[in-house]
Amino acid sequence: MITFTIPIDHAGRRLDQSLAELLPDYSRSRIQAWCDGGLVRVDGKPASRKHKVWGGETVELEPQTHPSEQPYQAEAIALDIVYEDADLLVLNKPAGLVTHPGAGNWAGTLLNALLHHAPQLNEVPRAGIVHRLDKETSGLMVVAKTLPAQTRLVRELQARTVKRTYWAVAIGELERDAGEIEAPIGRHPTQRTKMAVVESGKPALTRYKVLKRYPGATWLECQLATGRTHQIRVHLAHLGHPLVGDPVYAGHKRGRWDFHRQALHAVRLGFDHPVSGAPLAFEAPPPADFKQLLEALDAAE
């Protein structure tokens, strides 16, 4: 607890402005977060960041570290583990599970679950996570259980020898039976939470083939040659065929089907074992909601 008195010459200032000057070791954004969290009291009462001070008030502050500065906690969250040995594990991530803690999701993530499943992962960066799946994307992921295994798997990804295959359902009927989408991906120039095809982006290549066409939709198999953020979602939207249910890239085109996430599932994963070098290949059938979507499309033919 920090207790102090507001100087008289601060009369008329907002509380957060006054505190930012009186507590130079803390950023103004941090101080504002404490105010918003009820951690700042003026004369014994919680005060908002916009509270006007007039000098002479007693301020009590309970500083707290930001979640990003605290050690990640192990949490007992069920995992669907497809394969595991001393060096790695392969899991089938459900839709709705965030891969790594971040803004708005500091707990309840795959990383927290991994720390509970294998406490030694606390000694491996990112708890051994080698690649991510978006929160609402389901399917296969590989996790390294040792630092050497993680290093070698990352090198495999960089060398593009990891085979990642996805099933996707896109809005509209793609004309070509197969093709490549090669277009650089970077941060959207005006909407910073989105990615986009931009000239200044990083090289990105997605290969696809049509599994089945439906009236108004296409079931695709996609392979990643690169692993940019939201790559399949961005590339297909760039073609004019965003994923069914995609809340970010489909906009008003989200599709007439009752599907509340992007229709994307990591169905197959192949790589060389980072220690033995043996080739490994895994397949995970799509979850119930994805199967129901395909059944609904079949029924509508």
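The values are calculated or read from the model by the stated rules, or taken from the named source; none is laboratory data. It should be emphasised that the depicted structure is a prediction, and the values quoted were computed from it without experimental measurement. Methodologically, a virtual Cβ is constructed for each residue, glycine included, from the backbone with ideal geometry; neighbour enumeration extends over all protein chains shown.
Things worth noting here:
- Cβ pairs under 8 Å, 6+ apart, first in the stretch 201-221 and acidic (Asp, Glu), second buried (at least 20 other Cβ atoms within 10 Å of the Cβ): Glu221/Tyr166; Glu221/Trp167; Glu221/Ala168; Glu221/Tyr208; Glu221/Val267
- Within the stretch 49-64, the only residue that satisfies the criterion of being β-branched (Val, Ile, Thr) and within 13 Å of Gln17 (Cα to Cα) is Val53.
- Enumeration of residues in the stretch 172-187 that are within 15 Å of Thr229 (Cβ to Cβ) and surrounded by fewer than 17 Cβ atoms within 10 Å (Cβ to Cβ): Pro184, Arg187
- Residue within the stretch 56-79 that is closer than 26 Å to Pro148 by Cβ and either at pLDDT 95 or above or charged (D, E, K, R) (or both) present: yes
- Within the stretch 53-141, strands (runs of 3 or more DSSP E) holding 2 or more residues that are touching a Gly at 6+ places or on another chain (Cβ under 9 Å) and buried (at least 17 other Cβ atoms within 10 Å of the Cβ): 88-93
- Any hit, the stretch 132-153, residues being of a type in the set (Val, Ile, Thr), in contact with a Lys or Arg (Cβ under 9 Å, 6 or more places away or on another chain), in the same structural domain as His241 (by TED's automatic domain parsing) and modelled with pLDDT under 95: no
- Residues that are surrounded by 19 or more Cβ atoms within 10 Å (Cβ to Cβ) and assigned to a strand (DSSP E or B) within the stretch 25-41 comprise just one, Val40.
- Top-ranked residue of the stretch 203-229 - restricted to ones that are charged (D, E, K, R) and surrounded by fewer than 14 Cβ atoms within 10 Å (Cβ to Cβ), ranked as nearest to Thr165 (Cα to Cα): Lys209
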